[in-house]
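Trainee: Dumping the structure here so I can ask a few things about it.
The values are calculated or read from the model by the stated rules, or taken from the named source; none is laboratory data. It should be emphasised that the depicted structure is a prediction, and the values quoted were computed from it without experimental measurement. Here Cβ is always computed from backbone atoms with ideal geometry, including for glycine, and neighbour counts include all displayed protein chains.
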């Protein structure tokens, strides 16, 4: 009988110690982190009758996503002056969508990218608003877009792999 009571006490003490210990961090903690799930690429196209910017491509391949993030992070950190409106050849919008476990979209970041007639590329993170949507894209729209995004914090960048694939 005494052995039984001692055994029950040991089991209860063991259970108490186990339940009071701090659990190790599991993979579930990492599931709440935001993960880049896709990049939507939109382009302003003056030869289109569609509303602008026009969705050009959707990329969700993990290697291309991580390569694109790395290429933007490696852009020249020194702010640059962008070319004049007449020298700008193309304007793109890159929409980065992030997901958390159990949510479709937890966060969206936007970058505007331009390249000029001499094939130099520039990028800037910005806040997408309705000021960047147009029924028709022309020189006036280009000027308004560049005024809205501002001339500060532009960075020089090499062509992104996501655009050349």
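Trainee: Residue 67 - would you say it is touching a residue at least 60 places away in the same chain (Cβ under 8 Å), surrounded by 12 or more Cβ atoms within 10 Å (Cβ to Cβ), in a helix (DSSP H, G or I) and under 23 Å from the mean Cα position of the chain (by Cα)?
Mentor: yes
Trainee: For the stretch 108-122, does any single residue satisfy the condition of being out of contact with any strand residue (DSSP E or B) (no Cβ under 8 Å at 6 or more places or on another chain), at pLDDT 95 or above, within 18 Å of residue 42 (Cα to Cα) and not in a helix (DSSP H, G or I)?
Mentor: no
Trainee: When you check residue 145 against the structure, is it under 15 Å from residue 52 (Cβ atoms), touching a strand residue (DSSP E or B) at 6+ places or on another chain (Cβ under 6 Å) and surrounded by 15 or more Cβ atoms within 10 Å (Cβ to Cβ), yes or no?
Mentor: In short, no.
Trainee: Please pick out the residue among 125, 120 that is buried (at least 17 other Cβ atoms within 10 Å of the Cβ) and closer than 19 Å to residue 68 by Cβ. Show your work before the answer.
Mentor: On the way: 125 fails: buried (at least 17 other Cβ atoms within 10 Å of the Cβ).
Exactly one residue qualifies, and that residue is 120.
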